[in-house]
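Engineer: My questions all concern the structure below.
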Amino acid sequence: MNDPENLAVCILGAGPVGASLAATLAGAGLPTAIIDQAPLPPMELPEFDGRAYAIALASQRLLAGAGVWDRLPEPPGPIEAIRVADGRPGEPASPLSLHFSAAELGEGPFGYMVEARSLRVALNARLPSLPNLRVFAPARAEVARTPEGVRIRLAGGGELRARLVVAAEGRNSPLRRQAGIRAATIDYHQLGMVGAFAHEKPHGNVALEQFLPNGPFAQLPLAGPGGFGTAAFPHASAFVWADRTAIARRMLALDDADFGRELRRRLGDHLGAVRMIGRRWSYPLSALQVERWVDTRLALVGDAAHGVHPIAGQGLNLGFRDVAALAEEVIAAWQAGEDPGAPAVLARYQARRRPDTLLMLSGMHALERLFSNDIAPVRWARRLGIAAVDRMPRLKLAFARQAMGLS
């Protein structure tokens, strides 16, 4: 950059959402900077740590347009079908289930499973190749916003000026707090457990979403053996398991063999024997809703702007939808010779993202409330409801397109 002190956009937070926004804006020719308090993870590929992302089709297209997708060092695993069922641990899933097939939509897979390490490597490979992007990591910054512009002072010396600053620092966003933007939260009193396991039988690129009384359980197909398969366990999947906090803590304290047995009680027998791989991760589950998405020369994206229950794996994908909407508005303003941080630009961004996010947040919350009820009449009513939806092609199509980010 010829004049690094005068930027179009400065992004705080270099996670997947912030980094993909930086790649999108800089790739479109906007002078951009990204700042993170932590160093970017190393470029070398570490051992598989059990974490993987479910990337919806619209998110995959965003990453491809940002020049990130083709840099993935490991092949992503397509999700070609999804089975949704109601059940109880240790019992066969209800035969009254809901099946989604990507072939019926004709758009491609519903999405892809991408190892967290692969996405980070791809982002790290893309960012240095962009001449319009400056990366400061690790670095601390103080941000001052006025109607005229944004001043960013780096702790080690130096100053940047930008037309817009973007908060991508996560749920506890300092920029959001600085702006006085209030956030309401709902504590689900659950822990989300994520990790991966190898298994005996092939998954056929089919994902399972099983609703259990204490929280949902999802099995998500990974591509190939991923370097951790064996002759006895040649296939692999990721899992996302939500359970009451006390139960989840007991599960996390188990050794791999016992944890695998508990996982299979919820998974069922369709994948055969299982063996845990990588490590297990856990985090408390809550929903988050902000009163507004923007302030003077400030936009919120990703977890700084919203948080949803992981029932349908939409958290990161909502962040990528933020990136797409904000990038479109900012790039259009810049190319038209307008101010990318102007109130009108930010108002359009908020108007695009608020309805979609509120719909997803309320929908995920309603599903969590409905399926966490184990009263027999309610259980049978929702199973009949699932079976009824399976016989409504137009409704199924609408649900699928919403989850894929195509609506």
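Engineer: Checking Met113 against (1) in contact (Cβ under 8 Å) with a residue 12 or more places away in the chain; (2) farther than 21 Å from Ala8 by Cα; (3) open to solvent by 40 Å² or more (accessible area, probe 1.4 Å), only one condition comes out false. Which one?
Structural biologist: Of everything listed in (1) in contact (Cβ under 8 Å) with a residue 12 or more places away in the chain; (2) farther than 21 Å from Ala8 by Cα; (3) open to solvent by 40 Å² or more (accessible area, probe 1.4 Å), Met113 misses just condition (3).
Engineer: Which number in (1) assigned to a helix (DSSP H, G or I); (2) touching a Gly at 6+ places or on another chain (Cβ under 8 Å); (3) among the small types (Gly, Ala, Ser) marks the one condition that Ser286 misses?
Structural biologist: Single failed check for Ser286: (1).
Engineer: Another one. Looking only at the range 97-125, count how many residues are assigned to a strand (DSSP E or B) and small (Gly, Ala, Ser).
Structural biologist: 2
Engineer: A follow-up question, please. Could you tell me whether Leu164 is farther than 30 Å from Ala333 by Cβ, surrounded by 21 or more Cβ atoms within 10 Å (Cβ to Cβ) and in contact with a strand residue (DSSP E or B) (Cβ under 8 Å, 6 or more places away or on another chain)?
Structural biologist: no
Engineer: Could I ask something else about it? Quick one: how many residues across the range 126-143 are assigned to a helix (DSSP H, G or I) and either under 15 Å from Arg161 (Cα atoms) or open to solvent by 40 Å² or more (accessible area, probe 1.4 Å) (or both)?
Structural biologist: Residues meeting the conditions: 3.
Engineer: Pick out the one residue from Ala64, Ala33, Ala102, Ala56 that is at pLDDT 95 or above and either touching a strand residue (DSSP E or B) at 6+ places or on another chain (Cβ under 6 Å) or open to solvent by less than 30 Å² (accessible area, probe 1.4 Å) (or both).
Structural biologist: Working: Ala64 fails: either touching a strand residue (DSSP E or B) at 6+ places or on another chain (Cβ under 6 Å) or open to solvent by less than 30 Å² (accessible area, probe 1.4 Å) (or both); Ala102 fails: at pLDDT 95 or above; Ala56 fails: at pLDDT 95 or above.
Ala33 is the lone residue from the list that is at pLDDT 95 or above and either touching a strand residue (DSSP E or B) at 6+ places or on another chain (Cβ under 6 Å) or open to solvent by less than 30 Å² (accessible area, probe 1.4 Å) (or both).
Engineer: Can you pull out every residue in the range 144-175 that is among the hydrophobic types (A, V, I, L, M, F, W, C) and outside any strand (DSSP E or B)?
Structural biologist: Ala155, Ala168, Leu175
Engineer: Can you say whether Asp269 is in a loop (DSSP other than H, G, I, E, B) and either within 24 Å of Arg83 (Cβ to Cβ) or at pLDDT below 95 (or both), as far as the supplied structure shows?
Structural biologist: Yes; evaluated as a whole, the condition is true for this residue.
Engineer: Going by the conditions given, is Glu338 within 30 Å of Thr357 (Cα to Cα) and either open to solvent by less than 10 Å² (accessible area, probe 1.4 Å) or modelled with pLDDT of 95 or more (or both)?
Structural biologist: Taking the combined requirement at face value, the residue satisfies it.
Engineer: Related question: When you scan the range 103-124, do you find a residue that is touching a Lys or Arg at 6+ places or on another chain (Cβ under 6 Å), farther than 17 Å from Leu316 by Cβ and charged (D, E, K, R), even just one?
Structural biologist: For the range 103-124, residues touching a Lys or Arg at 6+ places or on another chain (Cβ under 6 Å), farther than 17 Å from Leu316 by Cβ and charged (D, E, K, R): absent.
Engineer: What single numbered condition from (1) assigned to a loop (DSSP other than H, G, I, E, B); (2) of a type in the set (Asp, Glu); (3) closer than 24 Å to Gly27 by Cα fails to hold for Asp70?
Structural biologist: (1)
Engineer: Please specify each residue of the range 188-206 satisfying the condition of being closer than 20 Å to Arg275 by Cβ and open to solvent by less than 10 Å² (accessible area, probe 1.4 Å).
Structural biologist: Residues satisfying the conditions are Met193, Gly195, Ala196, Phe197, Ala198, His199.
Engineer: Look at Glu159 and say whether it is surrounded by 15 or more Cβ atoms within 10 Å (Cβ to Cβ) and of a type in the set (Asp, Glu). Give the steps one after another, and end with the answer.
Structural biologist: Details: surrounded by 15 or more Cβ atoms within 10 Å (Cβ to Cβ): no; of a type in the set (Asp, Glu): yes.
When the stated conditions are applied, Glu159 does not pass them.
The values are calculated or read from the model by the stated rules, or taken from the named source; none is laboratory data. What you see is a predicted model, and the numbers here were worked out from it, not measured in a lab. Every residue, glycine among them, receives a Cβ derived from its backbone with ideal geometry; neighbour counts consider all protein chains shown. Areas reflect the complete protein model, heavy atoms only, side chains present, ligands, DNA and RNA absent. Shrake-Rupley method; radii C 1.70, N 1.55, O 1.52, S 1.80 Å.
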